[in-house]
Amino acid sequence: EYLQIYCHLQAICSHLTWAIENLLHDGFINQTFDVYEAFPLWHILCTFISQATGLTVIPARIMFLVNGFIYGFLIIVIYLIASKFFNIKIALLSSLFLCFNTEALFYGMYSIPRSVIFFLEALFILLLFYEKTIIYKFLCIIIIIGLIMYHTASMPFIIFILTLFYIMQMIYRINKNERIINFGYILLILIMTLTYWMFAGVKVFNSVIGSLFEKASDVVLTKSIVITPLSELFNYLQYSPLLLFIIIGVMWGIHSSWLNESSKAFLLLSLFLVPVTLPGPALLINKLAGNFNLARFGEYTFLFISIAGAVGIYTLFYYLKKFKVFVILLFFIMGFLIVLNDFTASDNPLVKRPFYTYYFNEEEIVSINRAAKIANGYLMSDYICCRYLENTEFADKVHVLEVGQDQKKLLKSKYNDIILIREKELLKRPVKLFTSPNDKFVFEPSLSDTLDYYYNDSIVWDSLNHCNQIYDSGSIKLYQ
């Protein structure tokens, strides 16, 4: 029931589904791709597989099938990378840690263009072990091209990680012939990325540069920990045992006489990536968390985090032989928390966060589309509903539902605007609406700073008593 649409703050599958549907119908990339015109390979891949296999399923399911297939191979690649640095047991544990990694689970379900990037990044690092021959150098360059073209906005993160890896190798004074990553590759990736941005990704380039110099938001981005501290504590608790495993693994590794310098450099890099991977104090700085999109680092570092965590649990097993049961129990607690938190299981978590779910069910989708078809004016609804409709044929009708400055009444632009309320969702969680800086309707609202959560007991819903209810599907209600 929940496979239909999967929404997220930065990009939603409805946009990708809409673009793929247009690609299947028209056979070429058109304006519906918007910013994705700079990296359409994911859409082309899903379209090709849909046509080549003849599967008669909706594009959303094709996307999820392709993503699952790719992540299945990612487990094997992580094993092969870990086996280059450590023994077979640690390599197997690394694959296990990947399967229980929050980012890997989340993005394994979240089928988007950068889903392929994680696999290509890992494959590139694996190929670096063999790049001494011409054929493997050629394959490395092909992978670099793939990285840039599949999701060009990911390149600053990858370049940063590879540069940091190179610095770790310099710290350990690893011989030039024994280095995993050389400066030449980093320079080549940087030049190729900038060249691609200049000629094919101007929108992405302007967006990246603009975000760096844009004023940071005045809103506290981490206010959820103040609103619901206990809920947030539980949902972030899985990082505690993981951090413990990483620290133990790195501390043992850098002092071990069993490991070579490259392995130590890899572990040290994993430790340096922890502050930008795991939620921490850096997210309190709006410039880093918002403008620099710091939270995305976890998408590109989970292979390092998984391998370092595997080294940690292996170390505990080796040195705490009398406490193996405790180590196993700690790992299972971590796995339990990772699988059942509100990020990886937002449809049915153990402890719910009182914020919007990432899912629409089929009944909601049918009702939302029907409402959009009959609307003559604006169709006004909560933020997530608007994000879905913005990437459909009804984009010109959608408008985020606005609330007056006193938060006591809903605002409309004219009498024939339709207000859409996700009734069942509102009973479970608050919905995100736009709070007007005054009591006047804003035709082009800023969605960055003035969105607030409104619960079902808010006085603002009393203003619906003055509207006519024109539709009720059980989960969706329409007012005019």
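The values are calculated or read from the model by the stated rules, or taken from the named source; none is laboratory data. Nothing here was measured: the structure is a model prediction, and the numbers come from that model. Ideal geometry is used to build each Cβ from the backbone, glycine not excepted, and the neighbour counts take in all protein chains shown. Just the protein is used for accessible areas: all its heavy atoms, side chains included, with ligands, DNA and RNA removed. Shrake-Rupley method; radii C 1.70, N 1.55, O 1.52, S 1.80 Å.
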Any residue in segment 148-169 that is among the aromatic types (Phe, Trp, Tyr), within 27 Å of residue 259 (Cβ to Cβ) and without any contact (Cβ under 8 Å) to a residue 60 or more places away in the chain? yes
Do you know which residues across segment 163-178 are closer than 16 Å to residue 137 by Cβ and at pLDDT 90 or above? none
Scope segment 110-130; condition in contact (Cβ under 8 Å) with a residue 60 or more places away in the chain, among the aliphatic types (A, V, I, L, M) and part of a loop (DSSP other than H, G, I, E, B); matching residues: 112
If you check every pair at least six apart or on different chains, which have Cβ atoms under 8 Å apart with a residue in segment 379-392 that is aliphatic (A, V, I, L, M) first and a residue that is open to solvent by less than 20 Å² (accessible area, probe 1.4 Å) and part of a helix (DSSP H, G or I) second? 379/371; 379/372; 379/389; 389/368; 389/372
Yes or no: residue 463 among the small types (Gly, Ala, Ser) and in contact (Cβ under 8 Å) with a residue 40 or more places away in the chain? yes
Could you grab me the full set of residues in segment 40-59 that are of a type outside the set (S, T, N, Q) and open to solvent by 10 Å² or more (accessible area, probe 1.4 Å)? 40, 41, 44, 45, 48, 49, 52, 54, 55, 57, 58, 59
Restricting segment 400-411 to residues that are open to solvent by less than 10 Å² (accessible area, probe 1.4 Å) and in a loop (DSSP other than H, G, I, E, B), which is farthest from residue 438 (Cα to Cα)? 401
Is it the case, given these coordinates, that residue 434 is at pLDDT 85 or above, open to solvent by less than 50 Å² (accessible area, probe 1.4 Å), touching a Leu at 6+ places or on another chain (Cβ under 8 Å) and part of a loop (DSSP other than H, G, I, E, B)? no
Filtered residues of segment 37-79 (kept if over 20 Å from the mean Cα position of the chain (by Cα), of a type in the set (Phe, Trp, Tyr) and more than 30 Å from residue 92 (Cβ to Cβ)): 48
Looking across segment 102-153 at residues that are among the hydroxyl-bearing types (Ser, Thr, Tyr) and closer than 12 Å to residue 71 by Cβ, the single one that is surrounded by the most Cβ atoms within 10 Å (Cβ to Cβ) is 111
Conditions first: (1) of a type outside the set (Val, Ile, Thr); (2) open to solvent by 40 Å² or more (accessible area, probe 1.4 Å); (3) more than 18 Å from the chain's Cα centre (by Cα). Residue 94 passes all but one, so which condition is the exception? (2)
Checking 414, 428, 397 in turn, the sole residue that is at pLDDT 85 or above, among the basic types (Lys, Arg) and either surrounded by 15 or more Cβ atoms within 10 Å (Cβ to Cβ) or under 31 Å from the mean Cα position of the chain (by Cα) (or both) turns out to be 397
With 75, 81, 62 as the choices, which residue is closer than 16 Å to residue 304 by Cα and open to solvent by less than 40 Å² (accessible area, probe 1.4 Å)? 81
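For the subset of segment 297-343 comprising residues that are charged (D, E, K, R) and part of a helix (DSSP H, G or I), which member is farthest from residue 95 (Cα to Cα)?
322
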Somewhere in segment 376-391, is a residue loosely packed, with under 14 Cβ neighbours inside 10 Å and either part of a helix (DSSP H, G or I) or touching a Phe, Trp or Tyr at 6+ places or on another chain (Cβ under 9 Å) (or both)? no
Write out, first by first residue and then by second, each pair whose Cβ atoms fall under 6 Å of each other, whose residues are 6+ apart or on separate chains, and whose first residue, in segment 414-425, is acidic (Asp, Glu) while the second is crowded, with 21+ Cβ neighbours inside 10 Å and in a loop (DSSP other than H, G, I, E, B). 417/378
Options 249, 290; residue that is modelled with pLDDT of 90 or more and not in a loop (DSSP other than H, G, I, E, B): 249
Name the single residue that is modelled with the highest pLDDT among those in segment 447-469 being within 16 Å of residue 384 (Cα to Cα) and open to solvent by less than 80 Å² (accessible area, probe 1.4 Å). 454
Inside segment 162-173, the number of residues satisfying the requirement of being assigned to a loop (DSSP other than H, G, I, E, B) and closer than 9 Å to residue 265 by Cα is 1
Residue 444: surrounded by fewer than 18 Cβ atoms within 10 Å (Cβ to Cβ) and modelled with pLDDT under 85, yes or no? yes
For segment 435-446, does any single residue satisfy the condition of being under 25 Å from the mean Cα position of the chain (by Cα) and among the polar types (S, T, N, Q)? yes
